[in-house]
Amino acid sequence: MLEKVKSLFGAQDMTVGSPMKVIAKFTIPLLIGNLAQQLYSTVDSVVVGKYCTIERNGYTGVDALSAVGASGPIINLLIVLFIAIATGAGILVAQYFGAKDKERLSSCVGTSITLVFIAGLFFTVVGLVLSRPLLTLINTPQKYIDLAASYLQISFIGLIGMAFYNIISGILRGLGDSFYPLVYLLVSSALNIVLDILFVASLGWGVHGVAWATIISQGVSAVLCIIRLTRMKNILSINTKELVPNKEMTLCTLKLGLPAGITQGVFSLAMVMVQNLTNKMGDFVPAINVAIMRVDGFAVLPAFTFGLAISTYIGQNIGARKQERLKPGERSALVLALGISSMIVSALFIFGKCFIGFFINKDTTDAHIYQSVVALGGRGLRILAVGYIALGIQQIYAGILRAAGDTMSSMIISIITTVVVRVPLAYTIAFFTRSEQWQNGHPDALFLSLVTSWTLNATLTFLRYKQGKWKKIDLIGKKDEC
């Protein structure tokens with residue numbers, strides 16, 4: 001039985017076969033894996049929201065939920081270099097694999113692993129030192145700033161494990177192997193759920209418990225991915241020679257990946273600024289935002305997953321010089337992504353309030369606060385639902401551009417749509433929606449601005465794709481060039 005599953009979801013050569021079938025086949029385990037990964041943060045939020053109480057922990061589930069949410073933008077801000085390395089490595093791995101260039105494939109993977117380790121040590125120290133100052137800078141309420149700071153510091157202790165899992169699973173996907181990353185992630189997710197319940201529900205560790213559960217689980221998945229990579233000797237070799245950073249490969253990886261890293265950095269900085277606005281809107285608005293973003297994390301998965309799939313598909317076929325397969329692959333990924341996104345939009349309109357209710361313990365939460373969180377959360381999800389179709393389009397065409405090596409355009413477009421549009425628009429809408437109840441603006445401002453940003457990003461990304469300049473990029477044409 002296992003062999004049949006491995007034959008379906010093992011390492012795939014996407015340069016042959018029906019584009020629709022190979023993309024769907026590659027995406028199924030990838031989507032399941034992304035769903036499992038999203039469970040990390042979602043289960044953390046549900047557990048602290050349901051099981052943290054004044055009597056047991058000294059703070060409510062709403063405060064615990066807010067503390068976890070306040071930490072997220074800061075973690076994302078400090079890991080931008082990992083995004084850069086992962087993106088650059090993923091592009092090169094897919095193309096070297098398509099070109100059957102084992103020497104440069106091995107050098108790329110070994111260099112990336114070493115770079116991630118060095119970056120991980122650096123950001124662990126930086127994160128431990130800056131956790132509380134950054135939380136203070138974004139006006140995190142005093143009632144839960146201590147919780148948020150300790151959650152952040154524990155998270156940074158496990159940063160290297162998280163980084164290794166993400167970079168190596170990305171490398172495996174670039175090789176067409178979405179089966180083993182899925183298995184390891186399912187194991188890790190199951191472990192995370194068990195540890196969450198043990199540490200929080202049974203032992204009463206509260207916010208600290210979910211942080212420890214997450215980093216232990218991610219560490220396990222990282223070790224499993226490393227073991228798998230070292231056993232793929234028929235595809236690449238990883239030894240001391242490959243682990244010594246190659247200057248040309250390092251520069252090439254960073255050249256391709258830094259635009260994505262900068263994009264993530266800009267996006268994360270914008271999220272910090274939006275979190276600052278969120279913290280000012282009221283004590284329970286951060287909790288609403290966390291619940292919405294956790295549901296949103298599942299809703300955006302089809303778009304992001306098919307974006308990853310088309311990126312691997314395009315990268316392998318460019319490496320194999322099979323340009324005639326590019327257009328059919330684009331159409332197939334677009335049909336699949338938009339079809340699933342449409343079903344998600346319908347579900348959010350119908351069940352939005354029910355989804356938000358999962359995160360709050362109705363029996364231990366003030367009735368007015370519970371009703372407000374559920375009502376405003378459901379409204380926020382309906383607003384965001386409108387933008388998921390645009391996000392699906394954006395991710396498909398951004399994946400194509402990224403696979404070809406055109407990462408600069410995504411960076412520029414993201415800066416425009418996030419810094420120039422999203423953040424100012426959020427503050428502007430908040431300003432004009434001030435009232436006696438919402439003295440610093442209505443929470444709708446957070447979500448209306450995000451939908452606008454997604455729509456504009458999709459439009460600009462599609463226009464960049466239609467220019468066709470990405471078709472002229474040649475990353476692997478010469479041995480001594482990137």
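The values are calculated or read from the model by the stated rules, or taken from the named source; none is laboratory data. Just so it is clear, the structure is predicted and the values come from calculations on it, not from any experiment. So basically every Cβ, Gly included, is an ideal-geometry build from the backbone, and we count neighbours across all protein chains shown. Surface accessibility is based on the protein's heavy atoms, side chains included, excluding ligands, DNA and RNA. Shrake-Rupley method; radii C 1.70, N 1.55, O 1.52, S 1.80 Å.
Do the conditions hold for Leu121, that is, is it open to solvent by 10 Å² or more (accessible area, probe 1.4 Å) and out of contact with any Pro (no Cβ under 9 Å at 6 or more places or on another chain)?
Considered against the rule, which asks whether it is open to solvent by 10 Å² or more (accessible area, probe 1.4 Å) and out of contact with any Pro (no Cβ under 9 Å at 6 or more places or on another chain), Leu121 comes out as yes.
Looking at Tyr427, Tyr370, Tyr397 in this structure, which one is within 21 Å of Ser311 (Cα to Cα) and touching a helix residue (DSSP H, G or I) at 6+ places or on another chain (Cβ under 9 Å)?
Tyr397
Look at the range 235-276 and say how many of its residues are more than 24 Å from the chain's Cα centre (by Cα) and not small (Gly, Ala, Ser).
Residues flagged as more than 24 Å from the chain's Cα centre (by Cα) and not small (Gly, Ala, Ser) within the range 235-276 amount to 15.
How about the range 300-335: which of its residues are of a type in the set (A, V, I, L, M, F, W, C) and not in a helix (DSSP H, G or I)?
Result: Val300, Ala320.
Quick one: Ser435 ticks every box in (1) open to solvent by 60 Å² or more (accessible area, probe 1.4 Å); (2) in a loop (DSSP other than H, G, I, E, B); (3) without any contact (Cβ under 8 Å) to a residue 40 or more places away in the chain bar one, so which box is it?
Result: Ser435 passes all but (1).
Considering each residue of the range 130-139, count those that are in a loop (DSSP other than H, G, I, E, B) and surrounded by fewer than 19 Cβ atoms within 10 Å (Cβ to Cβ), and give that number.
1
In the range 316-337, is there at least one residue being surrounded by fewer than 23 Cβ atoms within 10 Å (Cβ to Cβ) and under 24 Å from Gly69 (Cα atoms)?
Checking the range 316-337: not a single residue is surrounded by fewer than 23 Cβ atoms within 10 Å (Cβ to Cβ) and under 24 Å from Gly69 (Cα atoms).
Given Lys322, Lys280, which one is under 18 Å from Gln95 (Cα atoms) and of a type outside the set (S, T, N, Q)?
Step by step, each of Lys322, Lys280 is checked, and only Lys322 is under 18 Å from Gln95 (Cα atoms) and of a type outside the set (S, T, N, Q).
Could you grab the pairs with beta carbons closer than 7 Å, sequence gap of 6+ or different chains, first residue in the range 40-51 and assigned to a helix (DSSP H, G or I), second one surrounded by fewer than 23 Cβ atoms within 10 Å (Cβ to Cβ) and of a type in the set (S, T, N, Q)?
Tyr40/Ser189; Gly49/Asn361; Lys50/Asn361
When the range 361-405 is examined, which residues are found to be modelled with pLDDT of 80 or more, on the phi < 0 side of the Ramachandran plot, open to solvent by 10 Å² or more (accessible area, probe 1.4 Å) and not in a helix (DSSP H, G or I)?
Selection gives Val386 alone.
Could you check how many residues of the range 114-129 are within 21 Å of the chain's Cα centre (by Cα) and either part of a loop (DSSP other than H, G, I, E, B) or under 16 Å from Ile226 (Cα atoms) (or both)?
4
What pairs come up if the first residue lies in the range 94-113 and is closer than 14 Å to Thr230 by Cα and open to solvent by 20 Å² or more (accessible area, probe 1.4 Å), the second is part of a helix (DSSP H, G or I) and of a type outside the set (S, T, N, Q), and their beta carbons are under 6 Å apart, counting only those six or more places apart or on different chains?
Qualifying pairs under 6 Å: Ser107/Glu242; Ser107/Met249.
What pairs come up if the first residue lies in the range 309-327 and is over 14 Å from Phe26 (Cα atoms) and without any contact (Cβ under 8 Å) to a residue 12 or more places away in the chain, the second is of a type in the set (A, V, I, L, M) and open to solvent by less than 10 Å² (accessible area, probe 1.4 Å), and their beta carbons are under 7 Å apart, counting only those six or more places apart or on different chains?
No pair meets every condition.
Examine the range 275-297 for a residue that is without any contact (Cβ under 8 Å) to a residue 24 or more places away in the chain and either farther than 30 Å from Ala337 by Cβ or out of contact with any Pro (no Cβ under 7 Å at 6 or more places or on another chain) (or both), and state whether such a residue exists.
no
Against the condition open to solvent by 30 Å² or more (accessible area, probe 1.4 Å), touching a helix residue (DSSP H, G or I) at 6+ places or on another chain (Cβ under 8 Å), among the hydroxyl-bearing types (Ser, Thr, Tyr) and closer than 17 Å to Trp212 by Cβ, how does Tyr51 come out, does it pass?
yes
May I ask you to say which residue of Ile476, Ile415 is modelled with pLDDT under 90 and more than 26 Å from the chain's Cα centre (by Cα)?
Answer to the check: Ile476.
Could you grab me the full set of residues in the range 278-291 that are open to solvent by 10 Å² or more (accessible area, probe 1.4 Å) and over 18 Å from the mean Cα position of the chain (by Cα)?
Residues satisfying the conditions are Asn279, Lys280, Met281, Gly282, Asp283, Phe284.
Looking for something within 17 Å of the chain's Cα centre (by Cα) and at pLDDT 85 or above - is there at least one such residue anywhere in the range 165-180?
yes
So, Glu248, is that one within 17 Å of Cys108 (Cα to Cα), crowded, with 20+ Cβ neighbours inside 10 Å and charged (D, E, K, R) or not?
When the stated conditions are applied, Glu248 does not pass them.
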